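Below: one structure, written as structure tokens.
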Amino acid sequence: MPAALPELVDPWRMVQARRMFTGTLPLSTLPRLRESLARGEGEVEYEVAFGTDDFGTASLTLKVDARLPLVCQRSLDVFELPVAVHQRLGLIASEADEAGLPEDCEPLLVVDSQLRLKDVIEDELILALPVVALAPGVPLEDVVLGAADAAETRAQGPFAALGTLKVSRH
């Protein structure tokens, strides 16, 4: 039976018990992510499942869905970016254990046998943020060149700038 998200867990005990947590978190409770958002309203749906694979690798499977309010860097309008994270994190006690993880597992270092699941969810959402937030449907050439420059380049053709380099020979 899925349970609400506890503040701290012992991941090794959670793996043994094959525990699962599902629910929602308000975006306002994720302070590091909140710094990159236009506003703190909204929720994050999560599913966290502990277990092992056929080789005995302890892991945490994380599914997160959210609509993150971002500011478009072109229009400065607020838009919602749908984010869906599905990640398998291999639990390791030291950095040396990372080499033993399967390829489909990202390492998650467990310090002092304690794990803050809310922080893991927040970390994955931060990693899912785009470097430059652009609202869907914004043409890239208009962003790079500006709308007026892009229209002028299309009208003159791709080699129009070479005409200014031409040197007259007498």
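Any read-out appearing in this document is the output of simple, stated calculations on the displayed coordinates, not a laboratory observation. Since we're looking at a predicted model, the values are computed, not measured. Every residue, glycine among them, receives a Cβ derived from its backbone with ideal geometry; neighbour counts consider all protein chains shown.
Quick one: dipole size for region 84-130, taken about the Cα centre, charges +1 on Lys/Arg Cβ and -1 on Asp/Glu Cβ, in debye to the nearest 20.
Value, rounded to 20: 200 debye.
Give the order of 126, 92 when sorted by the count of other beta carbons within 10 angstrom, beginning with the fewest.
126, 92
What is the dipole size for region 7-67, taken about its Cα centre, with +1 at each Lys and Arg Cβ and -1 at each Asp and Glu Cβ, in debye to the nearest 20?
Charge dipole, region 7-67, about its Cα centre: 100 debye, nearest 20.
Near residue 78, within a Cβ-to-Cβ distance under 15 Å, what is the net charge of the other residues, with Lys and Arg +1 and Asp and Glu -1?
With Lys, Arg at +1 and Asp, Glu at -1, the net is +1.
Using the Cβ atoms and a cut-off under 14 Å, what net charge is assigned to the surroundings of residue 103, where Lys and Arg are +1 and Asp and Glu are -1?
Net local charge, residue 103 excluded: -3.
Which net charge results when you count Lys and Arg as +1 and Asp and Glu as -1 among the other residues whose beta-carbon is under 14 Å from that of residue 129?
Here the count lands on -2.
So, in Å, what gap is there between the alpha-carbon centers of region 87-136 and region 9-80?
Value for the Cα centre distance between the two parts: 11 Å.
By the gyration tensor of its Cα atoms, with a ≥ b ≥ c the square roots of the eigenvalues, what is the shape of region 87-131: rounded for a/c under 1.5, prolate for a/b over b/c, or oblate?
Taking the square roots of the gyration eigenvalues as a ≥ b ≥ c, region 87-131 is oblate.
About the Cα centre of region 1-105, what is the dipole size in debye to 20, counting +1 per Lys and Arg Cβ and -1 per Asp and Glu Cβ, all else neutral?
The dipole of region 1-105 has a size of about 320 debye.
Rounded if a/c is under 1.5, else prolate if a/b beats b/c, else oblate: with a ≥ b ≥ c from the C-alpha gyration tensor eigenvalues square-rooted, which is region 1-92?
It is prolate, given that a/c is not under 1.5 and a/b is the larger ratio.
Report the extension gain between residue 111 and residue 84 in nm, rounded to one decimal, defined as 0.36 nm multiplied by the number of residues separating them, less their alpha carbon distance.
7.0 nm
Using a Förster distance of 41 Å, how high is the FRET efficiency between residue 29 and residue 75, based on the Cβ-Cβ distance and rounded to 0.05?
0.90
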